[in-house]
Amino acid sequence: MSIDIRKLISATILPILLLSCSFYFIPLLSKPLPHTLQIILPYLPFVIFIIGMGLSWVFHHSREFNLFLLFTIIYIALDNYIWTSGLKVDSRLAYLLLVSLIPINFLLNFLLKERGILNQFGLRRFLILAAQLYFIVWILEHPYAPLKEILTFSYFKYSVLKLTTISQPILLAIAITGVIILVRLIQTSSILVSGIFSSFIAITTAVHFYQQPQLATLFILLAGLLILISIIINAYSLAYLDELTNLPSRRALFQSISTLGKTYSIAMVDVDHFKKFNDKYGHDIGDQVLKKLASQLRQVRGGKAFRYGGEEFTVLFPNKNLNEARLFCNELCKNVENSPFMLRNKKRPKTKQDTSNKKQRDAIPLTITISIGVAERSQDLATAEEVLKQADKALYKAKNNGRNQVAI
């Protein structure tokens, strides 16, 4: 399993930062808030949940939609069953059953595939949640002693486990669910999964502090915010980041072009003989080549790289003249040529005896080259579109002159 560390860090840094700040300020959050905030706070979670469900609906995120619905149910249940005195129910059992909804539904949302909201698959999720709520209400009205014994049973006597009122069986379920989501996050480096994982921590923290309604409300609010932010960032990524290379897309390119000053250069980059390479080795290997090139383009001096389309890339050089941009592009050409792509050999040894054959190798180095065309803004090329077209002409000039070079 290959893990994109850079993508994983970028997907998790904001949720981790928000969670860390929240836990750091717990002593302050436990103190009474200003009177105005105390009035507004009880309604803020509903605002976030409604906005979140609306965005989930727009972007067809059934998993996130159901989690917002779950947070709403937990918040209403805490307010009406746990924080309100005088109700004729077993408050301890009501609390544990409510907490058990968290690992069950987070896990179900990961096991069930993303297939829409208002269809048979989405309705099935609603029915599963409704069945759980009906079961909780029925149990509270018809107490069943063995169930409470199971939920409150203590397997271990460690003092650290006494720091929370959440029972050990439910803590185990929470830990298992958290590990499953974390593994998925490491595998996918998805901002949506990152938001779900961090919200899982936040909502679990909220029910841990259920005896402090203000603190619990703030963490429920945070749980909704974390998923809401992840939906917004994911929507931005789909619009402005190329899915394969994770470089900014053509839309981001034209937006960046509009912010350029009077001095700049633009380079068009193309992989040499890419079609023949794809035909010979397959599109999967071609995609790996583009990913490798993208990682080198991120490091180009003086400029910012974009995926233009296919095997073409664009590099903007703000405040750089033609000679400076050409120097940086020449460095890029040499770096790509001197960094061979390692093609894994499909005929690797099947037994240990075969490894004695020195001619057998695990990988075959393939030399990849690029051609680059560069143009600079001038009196004749007053607009960025004209500079871009001229850079494209220079690119074809580099190809006609033998490839693996920079033309201006």
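Quick look at the numbers
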item: Kirkwood Rh and Cα Rg combined as Rg/Rh, segment 5-240; result: 0.96
item: Helix axis angle, 120-141 relative to the chain longest principal axis, alpha carbon, degrees; result: 20
item: Contour minus Cα-Cα distance for Lys262 and Phe23 (0.36 nm per residue); result: 81.3 nm
item: Rounded to 10°, Cα long-axis angle of helix 168-188 versus longest principal axis of the chain; result: 10
item: Loop-resident sites, segment 255-336, for trypsin sites (Lys or Arg not before Pro), counting at most 15 other Cβ within 10 Å (DSSP); result: Lys262, Arg298, Arg301
item: Which listed pairs, of Lys304/Lys389; Lys280/Lys389; Lys262/Lys397; Lys320/Lys397; Lys280/Lys393, have C-alpha distances above 20 Å, in listed order; result: Lys280/Lys389; Lys262/Lys397; Lys320/Lys397; Lys280/Lys393
item: Segment 12-94: trypsin sites (Lys or Arg not before Pro) in DSSP coil with no more than 10 other Cβ atoms inside 10 Å; result: Lys88
item: Gyration tensor (alpha-carbon) shape descriptor, segment 1-136, a/c threshold 1.5; result: oblate
item: Sequence-separation-based contact order of segment 5-240, relative, with Cα cut under 8 Å and 6+ spacing, percent; result: 30
item: Förster radius 30 Å - calculated FRET efficiency between Leu182 and Arg92, Cβ distance, rounded to 0.05; result: 0.50
item: Considering only the chain, percent of DSSP beta bridges that pair antiparallel, nearest 5; result: 90
item: Difference of contour (0.36 nm per residue) and Cα-Cα distance, Val47 to Leu327; result: 95.5 nm
item: Degrees separating the helix 62-77 axis from the principal Cα axis of the chain, which is the longest one; result: 30
item: Alpha-carbon centroids, segment 285-322 and segment 18-73: separation in whole Å; result: 39
item: Computed E for Gln214/Asp287 - FRET, C-beta separation, R0 60 angstrom, nearest 0.05; result: 0.75
item: Loop-located chymotrypsin sites (Phe, Trp or Tyr not before Pro) in segment 125-189, at most 15 other Cβ atoms within 10 Å (DSSP); result: Tyr144, Phe153, Tyr155, Phe156, Tyr158
item: Contact order relative to length of the chain, as percent, for alpha carbon pairs under 8 angstrom and 6 or more apart; result: 14
item: Convex hull per residue volume in Å³, alpha carbons only, for the chain; result: 222
item: Segment Tyr240-Ile76, extension gain: residue separation times 0.36 nm, minus the distance between their alpha carbons; result: 55.3 nm
item: Residue-count net charge about Asp272 - beta-carbon cut-off 15 Å; Lys, Arg +1, Asp, Glu -1; result: +3
item: Inter-part distance where segment 175-240 and segment 370-395 are each reduced to a Cα centre, Å; result: 45
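Here, each number is a calculation from the coordinates, and none is a lab measurement. Nothing here was measured: the structure is a model prediction, and the numbers come from that model. With ideal geometry, Cβ positions are generated from the backbone for all residues, glycine too; neighbour counts draw on all protein chains shown.
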